[in-house]
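J.: Take this structure first; my questions come after.
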Amino acid sequence: MKRLVILISGRGSNMEAIVKACAAEGWPAEVAAVISNRPDAGGLQFAAAHGIPTAVVDHKVYASREAFDAELARVIDGFSPDLVVLAGFMRILTPGFTARYARRMLNIHPSLLPAFTGLHTHERAIEMGCKLAGVTVHFVTAELDHGAIVMQAAVPVLPGDDAKALSARVLTAEHCIYPQSVRWFVEEALVWSGERVHHRDGAAQHVLLG
Ligand SMILES: Nc1nc2c(c(=O)[nH]1)N[C@@H](CN(C=O)c1ccc(C(=O)N[C@@H](CCC(=O)O)C(=O)O)cc1)CN2
Ligand SMILES: NCC(=O)N[C@@H]1O[C@H](COP(=O)([O-])[O-])[C@@H](O)[C@H]1O
């Protein structure tokens, strides 16, 4: 039984999708904890209501990123994770932290990496006149948004789209590929080839929506 620790900073809809898929599909896994850097993260209420242990490590009360990351790791390790899942977790993590969870920490990023690393991805895609946008699930490394890609989903950018409309379309894709990606990990279906990762049976690592 693999143990998942999910990190959030806000509403937690991706965390919710993973919790529900894990239960509904009978994964060989359990969500051991949901942890947030923000005390007011809405996802904490969902987790608590579903009997999942929660914790808050408030980044605002630490003097440095290193001190925050050290406490975050201590709390995470108290739940003995096999996989750390960043689900809308909005803090850049230090190299020491990402090394601690090398090849066992995933993130979901709302763009087709390597395009649009960082923040405000939908605004930037619209500004650039992109016709496709999407989402990437990747392993987390010290270099921001550059770890091995597990899955990607593409969606159209439609005439008249604003960031709100595009983010809603991308979010639907997120809720599709993040649970699938985490399931592949807990089922030990991911195979590494150098710094790349693929599904052991050749399952498609992309989805085209819309
Ligand atoms: N070392 C790494 N840390 C993180 C990664 C990563 O790949 N390597 N992924 C991010 C998630 N992320 C994009 O997917 C991301 C999150 C946050 C930021 C950012 O600029 N954060 C600011 C604060 C912003 C805020 O509080 O609203 C900051 O940390 O100063 C960029 C990208 C998670 N961490
Ligand atoms: N750079 C990280 C980032 O922007 N992540 C994005 O934050 C949102 C969190 O939503 P959620 O809290 O409902 O899962 C998601 O759209 C996710 O892709």
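The values are calculated or read from the model by the stated rules, or taken from the named source; none is laboratory data. On a predicted model such as this, the values are computed, not experimentally measured, just so you know. Don't worry about glycine lacking a Cβ; one is built from the backbone with ideal geometry, like all the others, and counts go over all protein chains shown. These area figures cover heavy atoms from the full protein model, side chains too; ligands, DNA and RNA do not enter into them. Shrake-Rupley method; radii C 1.70, N 1.55, O 1.52, S 1.80 Å.
J.: Does the range 13-42 hold any residues that are closer than 22 Å to residue 168 by Cα and in contact with a Ser or Thr (Cβ under 8 Å, 6 or more places away or on another chain), and which are they?
T.: 41
J.: Still on this structure, please answer the following. I need a count of the residues in the range 181-208 that are surrounded by 15 or more Cβ atoms within 10 Å (Cβ to Cβ) and either of a type in the set (Ser, Thr, Tyr) or touching a residue at least 60 places away in the same chain (Cβ under 8 Å) (or both).
T.: 5
J.: Criterion first (in contact with a strand residue (DSSP E or B) (Cβ under 9 Å, 6 or more places away or on another chain), within 13 Å of ligand 2 (Cβ to nearest atom), assigned to a strand (DSSP E or B) and at negative phi) does residue 18 satisfy it?
T.: no
J.: Every residue in the range 171-210 that is part of a helix (DSSP H, G or I) and more than 16 Å from residue 27 (Cα to Cα), please.
T.: Hits for the range 171-210 are 171, 172, 173, 174, 175.
J.: Among the residues of the range 159-210, which ones are more than 30 Å from residue 127 (Cα to Cα), of a type outside the set (Gly, Ala, Ser) and over 16 Å from the mean Cα position of the chain (by Cα)?
T.: Of everything in the range 159-210, those that are more than 30 Å from residue 127 (Cα to Cα), of a type outside the set (Gly, Ala, Ser) and over 16 Å from the mean Cα position of the chain (by Cα) turn out to be 187, 188, 190, 191, 192, 195, 196, 197, 198, 199, 200, 201.
J.: Another question about this same structure. Going through the range 23-38 one residue at a time, which ones are within 15 Å of ligand 2 (Cβ to nearest atom) and either open to solvent by 10 Å² or more (accessible area, probe 1.4 Å) or not in a loop (DSSP other than H, G, I, E, B) (or both)?
T.: Selection gives 31, 34, 35, 36, 38.
J.: Which of the residues spanning the range 85-126 are away from ligand 1 (no atom under 11 Å from the Cβ) and either assigned to a loop (DSSP other than H, G, I, E, B) or buried (at least 19 other Cβ atoms within 10 Å of the Cβ) (or both)? Can you show your working first?
T.: Taking the range 85-126 first, the residues away from ligand 1 (no atom under 11 Å from the Cβ) are 85, 100, 102-104, 112, 114-115, 122-126.
Within the range 85-126, 85, 102, 103, 104, 112, 114, 115, 122, 125 meet the criteria.
J.: Would you call residue 75 surrounded by fewer than 17 Cβ atoms within 10 Å (Cβ to Cβ) and touching a residue at least 24 places away in the same chain (Cβ under 8 Å)?
T.: yes
J.: Still on this structure, I have one more. Check the range 151-165 and report whether any residue there is assigned to a loop (DSSP other than H, G, I, E, B), open to solvent by less than 20 Å² (accessible area, probe 1.4 Å), hydrophobic (A, V, I, L, M, F, W, C) and farther than 24 Å from residue 20 by Cβ.
T.: Within the range 151-165, none of the residues are assigned to a loop (DSSP other than H, G, I, E, B), open to solvent by less than 20 Å² (accessible area, probe 1.4 Å), hydrophobic (A, V, I, L, M, F, W, C) and farther than 24 Å from residue 20 by Cβ.
J.: Taking the range 118-147, which residues are over 14 Å from the mean Cα position of the chain (by Cα) and within 23 Å of residue 192 (Cα to Cα)?
T.: Correct list: 142, 143.
J.: Which ones in the range 134-146 are open to solvent by less than 10 Å² (accessible area, probe 1.4 Å) and not hydroxyl-bearing (Ser, Thr, Tyr)?
T.: 134, 135, 137, 138, 139
J.: Any residue in the range 53-70 that is part of a loop (DSSP other than H, G, I, E, B) sitting within a Cβ distance under 9 Å of a residue that is among the charged types (D, E, K, R)? List the pairs, counting only those 6 or more apart or interchain.
T.: From residues that are part of a loop (DSSP other than H, G, I, E, B), the pairs are 57/71; 57/74; 58/38; 62/69; 62/71.
J.: Name, by its number, the condition in (1) more than 15 Å from ligand 2 (Cβ to nearest atom); (2) under 28 Å from residue 170 (Cβ atoms) that does not hold for residue 55.
T.: For residue 55, the failing item is (2).
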